[in-house]
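The values are calculated or read from the model by the stated rules, or taken from the named source; none is laboratory data. What you see is a predicted model, and the numbers here were worked out from it, not measured in a lab. Cβ coordinates were reconstructed from backbone atoms using ideal geometry, including for glycine residues, and neighbour counts include every protein chain displayed. Side chains are part of the model used for accessible areas, which takes the heavy atoms of the whole protein and leaves out ligands, DNA and RNA. Shrake-Rupley method; radii C 1.70, N 1.55, O 1.52, S 1.80 Å.
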Amino acid sequence: MPAPSSFDIKRIIRPNILKLEPYRCARDDYNEGILLDANENSYGPAHQASITQDLNGASSISVQIDGQQLHRYPDPMGRRVKQRVLQLRPSVPSMDNVFLGVGSDEIIDLLVRITCQPGRDAILVTPPTYGMYKVVAAINDVGVVKVPLVVEGERTFQLDVDAVIERATSDDAIKLVWLCSPGNPTGTHLDEADVRRLLESGYRGLVVIDEAYVDFVRPERGESFAKLVAEYPNVFVMQTMSKSFGLAGIRMGIGLGSAELVQFLNNAKAPYSLSTLALDVAHDALSDQGIGNMRQVAASLCAQRDEFLIPQLRALPHVGEIVGSNDANFVMCRFVDGSGRASNEIAKRLYTEMAENRGLVVRYRGGDHGCEGCLRITVGTPDENRAVIDTMRALLNAEP
Ligand SMILES: Cc1ncc(COP(=O)(O)O)c(C=O)c1O
């Protein structure tokens, strides 16, 4: 691995985390045999117990324990799931490079907590971007440096890479640079050359690439940055099962990075954060068949996006442009007034009327940098997409 000589992981991990002696939980040691080590309920899940009373009123309890062993704590490391993550991202060297979190949102928080000293350090974000990075920074009393994306011309929603490198390399307090690719709300896959330039720039912190929507990227636009994990120690790639796998309810985030960094994350996480139910579903979803299904579903959503939603939106009155490069399962649409100017008023009116009176909820993004007049519309089922277009058409026809 060509370690940029400027990167030393010990410099970005907080001193208290470097020194941390992690909690060793019972299931770290043994998970087979007669397990009387973790104060679980040996009878099994109580709600499934059948309780019988004998003639003297004494009760006896029997429980049919199903395959899921829900009375046992889960595997703290989720090893079965990590093994399958390697099938999804074969360029990732080993299970030691995989971290599992309670959704990506937990991983975002953990990364800030293990690297940034409250009241002293900072993160760098590139607006418009996912809102949780700065919320987590605020919760942890960590500064936020903003270097906006390019918002005009051919490179719309790409990194202003010179400015990012300039800021990141000139301020030692910036421990993390957050990139989002494809971006939320931009829907735009970042140029690989820019990401590599940043990784090789001499910046001494960690570059995090949030790829929540990566499975919706058209192959000709690029591929997952997960391959960079085998090349650079200063990159961390985040994915999630909430989007392409359709499993937002199980809360399963995937982090890919150097084994050293993954170890620090493991040391800091709650021991049994991932439930048995979530791990079981994730394990199924990451089987060969599960991954195949995910790819088909993602392709179908992309077809709805490209062949129905985008052309239909373009044909509506007051639609100025579809912004960004549409590499995700949503579309950003800019609404304009009669003279062609981006109109937050029209976007907001449409958004509110649809949500409050038509039972159709999209996201208003007009307040974000470079997103004036924009609504973000998630690609739905064919029926849902038709409903959104019909409703918008009726409402926009009534606009002056
Ligand atoms: C860019 C981005 N990252 C992370 C998340 C959160 O993912 P998870 O459901 O895994 O917490 C979202 C959710 O909308 C997102 O848009």
Problem - Under-5 Å amide H pairs with ASP191, H placed in peptide plane, nonlocal only - result: LEU159
Fill in the blank from the handout: Checked against the positive end of the charge dipole of the chain (+1 on Cβ of Lys and Arg, -1 on Cβ of Asp and Glu, about the Cα centre), the farthest of LEU18, PRO45, VAL297 is LEU18
Problem - Normalised per residue, the volume of the convex hull around the Cα set of the chain (Å³) - result: 183 Å³
Fill in the blank from the handout: As a percent rounded to 5, the proportion of antiparallel DSSP bridges among beta bridges in the stretch 12-169 is 50 percent
Completion exercise
If one compares the long axis through the Cα atoms of helix 259-268 with the longest principal axis of the Cα atoms of the chain, the angle in degrees, nearest 10, works out at 70 degrees
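Show me 293-300, 103-110, 86-93 ranked by packing, highest mean number of other Cβ atoms within 10 Å first.
103-110, 86-93, 293-300
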Problem - Phi to ³J(HN,Hα) by Karplus 6.51 cos²θ - 1.76 cosθ + 1.60 over the stretch 7-16, Hz, x for Gly, Pro - result: 9, 10, 4, 5, 6, 9, 8, 4, x, 5
Handout entry: Cβ crowding within 10 Å averaged over residues, with 72-78, 286-292 ranked highest first
Key = 72-78, 286-292
Practice task
Let me have the 222 nm mean residue ellipticity of the chain computed from DSSP H runs of 4+ only, each contributing -39500 (n - 2.57), with the sum over all residues rounded to the nearest 500.
Solution key: -9500 deg cm²/dmol
Practice task
Please work out how many pairs of lysine residues in the chain are eight or more positions apart (or on different chains) and have Cα atoms closer than 21 angstrom.
Solution key: 14
Fill in the blank from the handout: A 1.4 Å probe over the protein heavy atoms gives the stretch 291-397 a carbon and sulfur accessible-area percentage of 45 percent
Practice task
Take the Cα of GLN83, step 7 Å along the line toward its Cβ, and report every residue of the stretch 250-273 whose backbone nitrogen sits under 15 Å from that point.
Solution key: none
Exercise for the section: Run through every distinct alpha carbon pair of the stretch 291-397 and return the Kirkwood hydrodynamic radius in angstroms, one decimal place. Expected result: 14.0 Å
Problem - Percent of Cα pairs exceeding the 16 Å cut-off, where the set is the stretch 224-347 - result: 74 percent
Completion exercise
Taking Cα atoms only, helix 276-285 is inclined relative to the longest principal axis of the chain by an angle, in degrees rounded to 10, of 60 degrees
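Place a +1 charge on the Cβ of each Lys and Arg in the chain and a -1 charge on the Cβ of each Asp and Glu, then give the dipole magnitude about the Cα centre in debye, rounded to the nearest 20.
Here the size comes out at about 320 debye.
Output the antiparallel fraction of DSSP beta bridges having both residues in the chain, as a percent to the nearest 5.
The antiparallel proportion sits near 60 percent.
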Completion exercise
Longest principal axis of the chain (C-alpha) makes with the long axis of helix 79-88 (C-alpha) an angle, in degrees to the nearest 10, of 30 degrees
Exercise for the section: Could you do me a favour and compute the accessible area per residue for the chain, 1.4 Å probe, result in Å²? Expected result: 46 Å²
